[in-house]
Structures are given as C-alpha cells and as structure tokens.
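Asker: Sharing a structure, written as structure tokens. Questions coming.
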Amino acid sequence: MNDVSAVREKCPLVHCITNYVTVNDVANAILAIGASPIMSDDINDVEDIVSISQALVINIGTLNERTVASMIAAGKKADELGIPVVLDPVGAGASRYRSSVTDRLLSEVEFAVIRGNLSEISYIAGNGGGTKGVDSSLTEKDADPVKIASSVSQSTGAVVAITGKVDTVCYAGRIARISSGCAEMGLITGTGCMLSGVIGAFAGAADDYFKATATAIAAMGAAGEIAFEKAGARGTGSFHIALIDELSHMIDETVAVRGKLEYAEY
Amino acid sequence: MNDVSAVREKCPLVHCITNYVTVNDVANAILAIGASPIMSDDINDVEDIVSISQALVINIGTLNERTVASMIAAGKKADELGIPVVLDPVGAGASRYRSSVTDRLLSEVEFAVIRGNLSEISYIAGNGGGTKGVDSSLTEKDADPVKIASSVSQSTGAVVAITGKVDTVCYAGRIARISSGCAEMGLITGTGCMLSGVIGAFAGAADDYFKATATAIAAMGAAGEIAFEKAGARGTGSFHIALIDELSHMIDETVAVRGKLEYAEY
Amino acid sequence: MNDVSAVREKCPLVHCITNYVTVNDVANAILAIGASPIMSDDINDVEDIVSISQALVINIGTLNERTVASMIAAGKKADELGIPVVLDPVGAGASRYRSSVTDRLLSEVEFAVIRGNLSEISYIAGNGGGTKGVDSSLTEKDADPVKIASSVSQSTGAVVAITGKVDTVCYAGRIARISSGCAEMGLITGTGCMLSGVIGAFAGAADDYFKATATAIAAMGAAGEIAFEKAGARGTGSFHIALIDELSHMIDETVAVRGKLEYAEY
C-alpha cells in the first residue's frame, strides 16, 4: 500500500523540522492528504517527538545552528527507530552554509527520500562525486535528471526525486517520471516544501518508499493542475487555497487519471 | 461585558508568544474578532510589549529555551500588572520537554485561563495531583472533562477549558458546556491556537474571565459551523479562509443563536 | 523603468530578513508582483544570499539578538555591493528594544528606502533630531507626514515613506502622495510587511528608488481597493486572498488608473 487511501487509513504522524516561511502550508497539506503533522525543532524536544512519529521531514529553508543540531539529533533517532526521513535541501549550492549543512546532514543521517530541484540535487551529485561546492559549469548532458538522480540515489541509498517541468524519481534501477502539475505552481511560495511534507505522509504509510514518493508527486501534480483549472484565473492567492482544497479531495482514482505517472527501469 | 461587542468596542491589544506554525492565523483571528494582535517573543522586548497590552497569550507549540525564558518574563510582568494571561499547553504530556515547560510555566506564572485538549489538561491534572509525567493509563472515568477541568481550575486558580467534541469550561463551581463547532475544524491546523488567541481577545475586554472564555469558544464554534456550511464542500483550504471570514462577521446575536452554550454549576 | 512591467521583466531576487508572523504573505506578495523572494536570517548564510540578490528587505517585526546581527551583516554587505536596502521598523518607539535596534540599524546600514507608519517614522525623526526615545508629546503640527518624512529623508539619505490614510513619500525635495487603498487593509495582518516586500521588488528592478517606492505603494493601494470591492463583503479571510490575487494581476495601466498617485516638490 503506497497510495492515498493508505495515508488516509493509517493517518501517520509526520514530524517536520521545516522553515518558518511555508510551515503553515506544509501542515495544512499534510492534513489535507490525510496524515497528521507535528512541528518541533528544539533539541530538547525532537527525539521524543520523532519517537512517536511515522515519518520525519527535514527542510533547510530557514536553517540556523540551533535547528541544524535538532535536525541531526532527530534524524539519527529516526534512523535508529527505522522511521523514514525525507530531506528537502532548500538552496543547497546557493550558499556555502546551505551546502555545508546539506553535506553534514548527508554524512550523519541516512535518508529514505531526498527531494529537490535540479540545482539542489546537482549540488549533492557533485559533492558525492568528490568535488566541493556547487559546480556551476554543469553541461546539459551532466544535468540530465535521470543520471543525476540515479547517481545521488546510488551514493546515498535514498530514493531521489528531482522536481521540475517533468519530475524524476530514481531508486535501485527503477525510475518514475511524472508530468502532471503546471508552471504556475512556482508562483506560490512553498509548493516544493508542501510536496516534501506530502512525501513524508506517504512514506509514513508506505512499505515501498520509491512508489510512495512517485505517488505523492503525482498526487501533488494532479492537485495543482485541477486547482489551476478551477481557480488560476482568479489569481495566485485563490490558486494557493484551491491547491489545498484539491489535496483534501485527492483520491487514488484522481492520481490514476490525472497524475501522469510512468514507471520504467534504467 | 464579556461579549463580542465588548471586544469590538474596546479593541484590546493582545500580546502573543506563540508558535510559528499558526501565528499568522492567530493574528488574523484576533483582528477578525475586533482586537489587535502584537507578536513579540524576545526577552529584551516582551516586558515593554506586555505592559502596553490588555492580555497575554502563551502558546508552547514550537517552544525553545529562548522563547520559554521570554514566556516566563512576560507572564510575570503581566501578573504584576494585573493583565490576564492565557496558556495553551500544546503537546503537554506528549514529550518530556513540553511537559516540563508546562510545569515550569504553571509554577512561575499565574494564569487567568488555561485552554487545551483533554490529553493536555489531563497531563496538568495528573501533575497537579502529585504524579509526574502524563498518565497514559487514564480510564474514561478519570478522563471526565468536567472532573479534570474543575480539578485543574482548583489547583491553578485559572478558568480551565477543555475543547473537544463538546467543550467544557470550569471555574469556581461554575461550568459551561459548548457544543457548537464541527469535527472538520481539526482538518485545519491551528484552530486550537486561533481559539486561544480569541480567548485572549475576550479576556482583554472582559470583567469575568469565565464568561469571556465560554463566549469566545461559542463564537469560534459558531464561526466554524457556519464556515463549514458555506465552504466545507470546496475543501479544507476554502474552509480555513471561510473560518476567518465568519469570525470577522461575528456578532453577539450569532453567538446566541449558533454558539450552543449552556451554563450550569457543579 | 520603475514600474510593474520592469519588475515582471527583471524578476529581481529579493532577500528578506523578516518576521515569522507575515513571512508567507510577504513571499507570496513578492511572487505576485513578479519578483522572486528568498528568506534567510542566519549570520552564516545572509552575506552569500544577499550577494546573489537585487534587493534586501529588513523588517524588525519579531526581532531577536540572533536575527539583528544577521540584519546588520546583510545590510553592510548590501551597501558594499550597491544593493538597495529597505527598512520596515515595525514597532519602533513602542518598546525600548525595537527603538534601540532601529537606532543601531540606522547607524550601521545605509538604507535606500525606509517605510513605516507615522508613529514609527516619528520615532526616527525624533531620534534624528537629537532626542532619545519616542516623543509621545508630538503635536499635530510636529506630526505632519511631509515634514517628518522629509526630515528623516534628509538625516538618513533614504527615500522615506509614511503610510496611513494617505501615504507620503519624500526624497531630495520631491514628494509623492498616494490616496489609494482602504482602511479595511488594517484588518489583515501584514499589509504593511507585504508592502515593504513589494517595495523591495520594485527597488530591485529600478533606477530611481523614489519613483519605485511611490509606484509600489500605489500598486498595493490599487490592489487593496479592487480586492475589497470584489471580496470585502465575504470577510477578512477572503479579502486577504483577494489582495494577493489582485497583486498577481497588477499591471501598469491599473496603477495609472487606480493608484491615485500624485507627485509634487517641497
């Protein structure tokens, strides 16, 4: 079971250590898809909270020394307990601090899923390949999403998702490509963060993190497309609200019909 | 005067030290009911801010050492000045840190109102009764809301509200039961936090904190029910916005007709 | 080029160190007007982030020692690189801490634009005039917005905007008065913060910060008026969403027709 109905049935508790910009949307997206969010980022609190959770989502959007220490403590505890950990390396490669924190998280925590944009995952790929810092001289061939995602998946052992116009998920020779969603989702802050939270919800109810990640992305894409059809013309505020509405209505049939998800192998 | 019109007339300034997940909704809910919110959580700032406020709301949803120190300093200053303090002990009993901070707040600050769910207030009841930590072996009889709320009210001297399917408010032999609201309010993050903020607004305009708390809960329940009737079918994003809309339209007549508030004694 | 189309064409990256109450709305407002927001407040991160940005917005709404240090470091770096810095001194004059941080920012960072309400800018005016602390005994004549804004502009070298029923912008003998917008915008938390973010977006695409500031205020006022006409009757939640909608639809023609902007000299 790696689908929406599994999330709604099991209602996993998803512990998020996430940025303060989009945290409200992340919580509401997790609730809308049928899971239960809990936000806690203090070193005194995170180990207890992750111990009662079914998934942990770490998002470095507004990181600082205090919360980075909490991310590592929570991640290690989750690994110890077999709880899946999702990483959203917001801005990895864009600043030295975000890059070094990403490196540190990857060296200290074992992630079940890593989701980022092409630039963020390329940073990890370069790093994993032995170079330091983000390689801004990447050619198009080097930046092939399947190549990068599968390379990062191999080096980290995680399911790796690169989201963009078409989304790519790679793990252990398997590949998923998702073409639902629309460019206008980038006009709302936090659609990536919400997606990482929703992946946490699916992972917390799943037995196969690869399928769970692909399905979560397809569900988010379908919700975005439907929301844009219904409310996009009214403006980005209404589109934002409609996106949460459509997540709350999401069922497996909608993912099947509107998710535009295809599996392959590499 | 402990009603909506008193809030709208006096427009009390409500100082909130609250979590970053739902803080925007708390501010908008306080504005919608006719009061004025001010958020400030730094130790250098809170005493000055609480001194110009008519109520203080302390919510431990995303606590840390820095903000806990501010909560205590602000709470003590409010007590000194006779400004009502509302406690929302989010997650008390769910982690050792949240529990110990709740204990510390209760020992250092005198609260006018404590509002939580059955589990959170049960934690305080157990603690007040001499046990340590949350008692997870509570029987249904032990968990009777009236018994627990009146016990915590007696031990703390505060008006105590337990919110759930039916809400209970106890203080000094008086009891209020409120059955407005709907289960779907739990599908929006922060309805509890917003309610605590709205209680702060009522307390800041009131001469009777018991009636103010009961009326605030009835107003929130009525707003939730009406919002769900109007927008629930559209999804949880639209329901969330409609809830703020209905708070902004709230008048005493609506509380009287839709609030489902009954008073009794025990 | 200091208009909406310049923002949409150049899509400046706007680095915000802002409060956690309204940060989501600030990000969505910046996106809606056609720019790109990035929030980063850690001392290890801000210099790298501001170096890739076209504007920096500093808002002291929920300040603390950690973020104040970041504001100063980011501000100095921006000054060094010639990137415009916008200050929103939320609550200057209302507490000693907010006042002293405002003083410190003004002494260490050179601002391109300062935007606040009459009380906040009056605090700066008093301070700039040699007095300490907020002067609560200001007479109406002393509190003339044009006099205060031009005085603060002269002492700081910044474009200074005082927003209220009518908005005033002063710089180097030039004055702009904007009478669009509506009082109900004060019933949504964060319209001031959003405006400061939008000013950052305009400044990041502009060659004339005075015109950019005036146009940003006119665009926000027009969006508020249109949003209130369309959604105000539904309540403050819907009005809030409609405001973002109208920002996302904003074009130069709408600013010209609905912005109610007039220029003069003093």
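Asker: Could you tell me whether any residue of segment B:211-227 is over 20 Å from the mean Cα position of the chain (by Cα), basic (K, R) and either modelled with pLDDT of 95 or more or open to solvent by less than 30 Å² (accessible area, probe 1.4 Å) (or both)?
Answerer: no
Asker: Taking the options B:V50, B:V85, B:V113, B:V68, name whichever one is open to solvent by less than 10 Å² (accessible area, probe 1.4 Å) and in contact with a Lys or Arg (Cβ under 6 Å, 6 or more places away or on another chain).
Answerer: Step by step, each of B:V50, B:V85, B:V113, B:V68 is checked, and only B:V50 is open to solvent by less than 10 Å² (accessible area, probe 1.4 Å) and in contact with a Lys or Arg (Cβ under 6 Å, 6 or more places away or on another chain).
Asker: With away from chain B (no Cβ under 14 Å), closer than 16 Å to A:N28 by Cβ and crowded, with 24+ Cβ neighbours inside 10 Å as the only criterion, which of A:G192, A:G200, A:G237 stands out?
Answerer: Within the list A:G192, A:G200, A:G237, the selection yields A:G200.
Asker: Going through C:A242, C:A264, C:A233 one at a time, which residue ends up being at pLDDT below 95, more than 27 Å from C:S53 (Cα to Cα) and not hydroxyl-bearing (S, T, Y)?
Answerer: So the residue among C:A242, C:A264, C:A233 that is at pLDDT below 95, more than 27 Å from C:S53 (Cα to Cα) and not hydroxyl-bearing (S, T, Y) is C:A264.
Asker: Only one of B:N44, B:N24 is surrounded by fewer than 20 Cβ atoms within 10 Å (Cβ to Cβ), outside any strand (DSSP E or B), within 11 Å of another protein chain (Cβ to nearest Cβ) and without any contact (Cβ under 8 Å) to a residue 12 or more places away in the chain. Can you tell me which?
Answerer: B:N44
Asker: I need a count of the residues in segment B:142-200 that are part of a loop (DSSP other than H, G, I, E, B) and either free of Cβ contacts under 8 Å to residues at least 12 places away in the same chain or out of contact with any His (no Cβ under 8 Å at 6 or more places or on another chain) (or both).
Answerer: Residues in segment B:142-200 being part of a loop (DSSP other than H, G, I, E, B) and either free of Cβ contacts under 8 Å to residues at least 12 places away in the same chain or out of contact with any His (no Cβ under 8 Å at 6 or more places or on another chain) (or both): 17 in total.
Asker: Follow-up. Kindly provide the set of residues from segment C:27-41 that are assigned to a helix (DSSP H, G or I), touching a helix residue (DSSP H, G or I) at 6+ places or on another chain (Cβ under 7 Å) and facing chain A (nearest Cβ under 7 Å), ordered by number.
Answerer: Hits for segment C:27-41 are C:N28, C:L31, C:A32.
Asker: Going by the conditions given, is A:V257 farther than 27 Å from A:G91 by Cα and of a type outside the set (S, T, N, Q)?
Answerer: yes
Asker: Take the residues of segment C:53-68 that are within 14 Å of chain B (Cβ to nearest Cβ) and within 17 Å of the chain's Cα centre (by Cα): which is farthest from B:D42 (Cα to Cα)?
Answerer: Only one residue fits best here, namely C:N59.
Asker: Still on this structure: Any idea how many residues of segment A:149-167 are open to solvent by less than 20 Å² (accessible area, probe 1.4 Å) and under 22 Å from A:T191 (Cα atoms)?
Answerer: 7
Asker: Just the residues that are in a helix (DSSP H, G or I) and not hydrophobic (A, V, I, L, M, F, W, C), please, taken from segment B:1-21.
Answerer: Of everything in segment B:1-21, those that are in a helix (DSSP H, G or I) and not hydrophobic (A, V, I, L, M, F, W, C) turn out to be B:S5, B:R8, B:E9, B:K10.
Asker: Still on this model: When segment A:69-104 is examined, which residues are found to be free of Cβ contacts under 8 Å to residues at least 12 places away in the same chain and either within 14 Å of chain C (Cβ to nearest Cβ) or of a type in the set (V, I, T) (or both)?
Answerer: The answer is A:S95, A:S100.
Asker: The conditions are (1) in a helix (DSSP H, G or I); (2) more than 14 Å from every other protein chain (Cβ to nearest Cβ); (3) open to solvent by 20 Å² or more (accessible area, probe 1.4 Å), and B:S248 fails exactly one of them. Which is it?
Answerer: (2)
Asker: Give the residue, chosen from C:D142, C:D167, that is of a type in the set (D, E) and at pLDDT 95 or above.
Answerer: Answer to the selection: C:D167.
Asker: Being away from chain B (no Cβ under 14 Å), surrounded by fewer than 24 Cβ atoms within 10 Å (Cβ to Cβ) and in a helix (DSSP H, G or I) is the requirement here; does A:E253 meet it?
Answerer: yes
The values are calculated or read from the model by the stated rules, or taken from the named source; none is laboratory data. Here the structure is a predicted model, which is why all the values come from computation and not from measurement. All Cβ positions, even for glycine, are placed from backbone atoms using ideal geometry, and neighbour counts span all protein chains on display. Surface areas here come from the heavy atoms of the whole protein model, side chains and all, with no ligands, DNA or RNA. Shrake-Rupley method; radii C 1.70, N 1.55, O 1.52, S 1.80 Å.
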